[in-house]
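The values are calculated or read from the model by the stated rules, or taken from the named source; none is laboratory data. Bear in mind that the values here come from a model prediction, so they are computed numbers and not experimental data. Here Cβ is always computed from backbone atoms with ideal geometry, including for glycine, and neighbour counts include all displayed protein chains.
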Amino acid sequence: MKGLQWILCLGVCISWIGLACGPVGAQTPANLTVTSTAFSDGGPIPRNHTCDGEDVSPPLAWSGVPAGAKSLALICDDPDAPMGTWVHWVLYDLPLDCTSLPEGVPREEKLKNGTRQGRNDFRKIGYNGPCPPGGTHRYFFKICALDAVLNLVPGLTKPELLKAMEGHLLAEGRLMGTYKRK
(Lines give C-alpha, C1' and ligand atoms only; values in the text may rest on other atoms or scores of the structure.)
Protein backbone atom coordinates (compact mmCIF):
# COMPACT_ATOMS: atom_id res chain seq x y z
CA MET A 1 0.00 0.00 0.00
CA LYS A 2 2.86 2.38 0.71
CA GLY A 3 4.05 2.05 -2.91
CA LEU A 4 0.60 3.00 -4.23
CA GLN A 5 0.39 5.97 -1.85
CA TRP A 6 3.82 7.16 -3.07
CA ILE A 7 2.73 6.91 -6.73
CA LEU A 8 -0.48 8.86 -5.98
CA CYS A 9 1.50 11.50 -4.09
CA LEU A 10 4.01 11.76 -6.94
CA GLY A 11 1.16 12.26 -9.42
CA VAL A 12 -0.35 15.05 -7.32
CA CYS A 13 3.05 16.70 -6.85
CA ILE A 14 3.87 16.55 -10.56
CA SER A 15 0.47 18.03 -11.40
CA TRP A 16 0.84 20.69 -8.72
CA ILE A 17 4.20 21.96 -9.98
CA GLY A 18 3.00 21.95 -13.58
CA LEU A 19 5.08 19.18 -15.09
CA ALA A 20 2.23 16.99 -16.31
CA CYS A 21 -0.26 19.24 -18.07
CA GLY A 22 1.00 22.78 -17.62
CA PRO A 23 0.60 25.17 -14.72
CA VAL A 24 -2.29 24.65 -12.34
CA GLY A 25 -5.15 26.92 -13.37
CA ALA A 26 -3.75 27.42 -16.87
CA GLN A 27 -6.43 27.89 -19.48
CA THR A 28 -6.53 26.13 -22.81
CA PRO A 29 -5.39 28.59 -25.49
CA ALA A 30 -8.10 30.03 -27.72
CA ASN A 31 -8.28 28.93 -31.34
CA LEU A 32 -7.09 30.98 -34.28
CA THR A 33 -8.29 30.28 -37.81
CA VAL A 34 -5.44 29.83 -40.32
CA THR A 35 -6.07 29.72 -44.08
CA SER A 36 -4.23 29.91 -47.39
CA THR A 37 -5.37 30.77 -50.88
CA ALA A 38 -2.79 28.25 -52.17
CA PHE A 39 -4.20 25.11 -50.48
CA SER A 40 -6.99 24.00 -48.17
CA ASP A 41 -6.56 22.37 -44.78
CA GLY A 42 -5.47 18.79 -45.44
CA GLY A 43 -4.97 19.50 -49.13
CA PRO A 44 -1.86 19.27 -51.30
CA ILE A 45 0.67 22.10 -51.19
CA PRO A 46 1.30 23.41 -54.72
CA ARG A 47 4.66 22.57 -56.29
CA ASN A 48 5.84 26.22 -56.42
CA HIS A 49 5.93 26.22 -52.58
CA THR A 50 8.28 23.21 -52.51
CA CYS A 51 11.89 22.31 -53.37
CA ASP A 52 10.59 20.96 -56.70
CA GLY A 53 9.34 24.42 -57.68
CA GLU A 54 10.23 28.00 -56.79
CA ASP A 55 10.42 27.11 -53.06
CA VAL A 56 8.57 30.29 -52.03
CA SER A 57 6.44 30.52 -48.91
CA PRO A 58 2.70 30.14 -49.43
CA PRO A 59 0.30 32.99 -48.69
CA LEU A 60 -1.22 32.63 -45.21
CA ALA A 61 -3.96 34.49 -43.34
CA TRP A 62 -5.34 34.20 -39.80
CA SER A 63 -8.12 35.56 -37.66
CA GLY A 64 -9.36 35.33 -34.10
CA VAL A 65 -6.42 36.99 -32.34
CA PRO A 66 -7.64 37.63 -28.78
CA ALA A 67 -7.53 40.89 -26.86
CA GLY A 68 -4.34 41.10 -24.84
CA ALA A 69 -2.17 39.70 -27.60
CA LYS A 70 1.01 41.68 -28.27
CA SER A 71 2.65 39.66 -31.06
CA LEU A 72 2.38 36.55 -33.19
CA ALA A 73 4.74 33.68 -34.00
CA LEU A 74 4.70 31.07 -36.76
CA ILE A 75 6.32 27.65 -37.00
CA CYS A 76 6.04 25.32 -39.99
CA ASP A 77 7.24 21.76 -39.56
CA ASP A 78 6.96 18.23 -40.90
CA PRO A 79 6.35 15.54 -38.26
CA ASP A 80 6.70 12.77 -40.87
CA ALA A 81 10.41 13.32 -41.59
CA PRO A 82 12.49 10.15 -41.19
CA MET A 83 14.84 11.67 -38.59
CA GLY A 84 12.05 13.27 -36.53
CA THR A 85 10.13 16.52 -36.94
CA TRP A 86 11.80 18.77 -39.55
CA VAL A 87 11.40 22.54 -39.21
CA HIS A 88 10.75 24.51 -42.41
CA TRP A 89 10.04 28.02 -41.11
CA VAL A 90 10.29 30.05 -37.90
CA LEU A 91 8.95 33.62 -37.53
CA TYR A 92 8.31 35.70 -34.41
CA ASP A 93 7.45 39.22 -33.29
CA LEU A 94 4.88 39.54 -36.07
CA PRO A 95 2.96 42.73 -35.22
CA LEU A 96 -0.77 42.47 -34.47
CA ASP A 97 -1.74 44.57 -37.51
CA CYS A 98 -0.25 41.77 -39.60
CA THR A 99 -3.16 39.43 -40.37
CA SER A 100 -1.57 37.69 -43.32
CA LEU A 101 1.70 36.89 -45.07
CA PRO A 102 2.02 37.20 -48.83
CA GLU A 103 3.43 34.52 -51.06
CA GLY A 104 7.22 34.62 -51.18
CA VAL A 105 8.18 36.24 -47.87
CA PRO A 106 11.82 37.38 -48.32
CA ARG A 107 14.46 35.23 -46.63
CA GLU A 108 15.73 38.08 -44.46
CA GLU A 109 16.50 38.04 -40.75
CA LYS A 110 14.31 41.07 -40.05
CA LEU A 111 11.39 42.12 -42.24
CA LYS A 112 10.31 45.74 -42.78
CA ASN A 113 7.43 45.42 -40.29
CA GLY A 114 9.78 44.22 -37.49
CA THR A 115 9.05 40.50 -37.87
CA ARG A 116 12.09 38.36 -37.17
CA GLN A 117 12.83 35.10 -38.92
CA GLY A 118 14.53 32.15 -37.37
CA ARG A 119 16.75 29.39 -38.64
CA ASN A 120 15.06 26.30 -40.09
CA ASP A 121 16.43 22.75 -40.12
CA PHE A 122 18.05 23.44 -43.50
CA ARG A 123 20.19 25.85 -41.40
CA LYS A 124 18.86 28.80 -43.36
CA ILE A 125 16.91 31.91 -42.44
CA GLY A 126 13.31 32.01 -43.66
CA TYR A 127 11.18 29.49 -45.49
CA ASN A 128 12.34 26.34 -47.19
CA GLY A 129 9.45 24.26 -48.45
CA PRO A 130 8.52 20.61 -48.52
CA CYS A 131 11.14 18.26 -49.94
CA PRO A 132 10.25 14.81 -48.57
CA PRO A 133 12.64 11.95 -49.37
CA GLY A 134 9.69 9.63 -50.00
CA GLY A 135 5.98 9.22 -49.43
CA THR A 136 3.40 11.84 -48.57
CA HIS A 137 4.32 14.13 -45.69
CA ARG A 138 2.20 16.54 -43.63
CA TYR A 139 3.28 20.16 -43.12
CA PHE A 140 1.80 22.12 -40.22
CA PHE A 141 1.73 25.92 -40.36
CA LYS A 142 1.10 26.94 -36.73
CA ILE A 143 0.31 30.51 -35.71
CA CYS A 144 0.53 31.52 -32.03
CA ALA A 145 -0.81 34.70 -30.40
CA LEU A 146 1.42 35.79 -27.52
CA ASP A 147 0.91 38.22 -24.65
CA ALA A 148 4.38 39.69 -25.21
CA VAL A 149 6.71 40.95 -27.89
CA LEU A 150 9.71 38.66 -27.52
CA ASN A 151 12.28 41.19 -28.82
CA LEU A 152 14.88 38.51 -29.41
CA VAL A 153 17.62 38.48 -32.00
CA PRO A 154 16.83 37.03 -35.43
CA GLY A 155 17.92 33.48 -36.17
CA LEU A 156 16.30 31.56 -33.31
CA THR A 157 15.66 27.86 -33.82
CA LYS A 158 12.28 26.27 -33.09
CA PRO A 159 13.39 24.97 -29.64
CA GLU A 160 14.74 28.42 -28.71
CA LEU A 161 11.50 30.08 -29.82
CA LEU A 162 9.34 27.57 -27.95
CA LYS A 163 11.34 28.21 -24.77
CA ALA A 164 10.92 31.98 -25.18
CA MET A 165 7.17 31.52 -25.74
CA GLU A 166 6.66 29.58 -22.49
CA GLY A 167 3.95 31.22 -20.40
CA HIS A 168 2.99 33.68 -23.16
CA LEU A 169 0.60 31.65 -25.34
CA LEU A 170 -2.92 33.12 -25.62
CA ALA A 171 -4.20 31.43 -28.78
CA GLU A 172 -3.06 29.09 -31.49
CA GLY A 173 -4.22 27.73 -34.81
CA ARG A 174 -2.89 25.57 -37.59
CA LEU A 175 -3.22 24.79 -41.26
CA MET A 176 -1.98 21.44 -42.53
CA GLY A 177 -0.95 20.74 -46.10
CA THR A 178 0.51 17.63 -47.70
CA TYR A 179 3.16 17.02 -50.32
CA LYS A 180 4.55 14.02 -52.18
CA ARG A 181 7.38 14.32 -54.69
CA LYS A 182 6.83 12.85 -58.14
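Values for this structure:
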| read-out | value |
| --- | --- |
| Near pairs, Cβ below 9 angstrom, 6+ apart or cross-chain, from region 127-139 (over 16 Å from residue 85 (Cβ atoms)) to any residue that is among the hydrophobic types (A, V, I, L, M, F, W, C) and at pLDDT 95 or above | 127/56; 127/76; 127/89; 127/91; 127/105 |
| Condition met for residue 103 (among the acidic types (Asp, Glu), part of a loop (DSSP other than H, G, I, E, B) and over 23 Å from residue 39 (Cβ atoms)) | no |
| Filter result for the condition that a residue is surrounded by fewer than 20 Cβ atoms within 10 Å (Cβ to Cβ) and under 15 Å from the mean Cα position of the chain (by Cα), over 100, 63, 57 | 100 |
| Pairs with Cβ under 6 Å, 6+ apart, first in region 86-110 and over 14 Å from residue 123 (Cα atoms), second of a type in the set (D, E, K, R) and buried (at least 16 other Cβ atoms within 10 Å of the Cβ) | 92/116; 93/116; 110/116 |
| Test: residue in region 127-144 that is within 13 Å of the chain's Cα centre (by Cα) and assigned to a loop (DSSP other than H, G, I, E, B) | yes |
| Those residues of region 71-88 which are within 19 Å of residue 171 (Cα to Cα) and in contact with a Cys (Cβ under 6 Å, 6 or more places away or on another chain), in sequence order | 73 |
| Hey, residue 157 in contact with a Leu (Cβ under 9 Å, 6 or more places away or on another chain) and in the same structural domain as residue 44 (by TED's automatic domain parsing) or not | no |
| Every residue from region 145-155 that is part of a loop (DSSP other than H, G, I, E, B) and within 27 Å of residue 41 (Cβ to Cβ) | 147 |
| Condition check for residue 45: surrounded by 18 or more Cβ atoms within 10 Å (Cβ to Cβ), among the β-branched types (Val, Ile, Thr), at pLDDT 95 or above and within 16 Å of the chain's Cα centre (by Cα) | no |
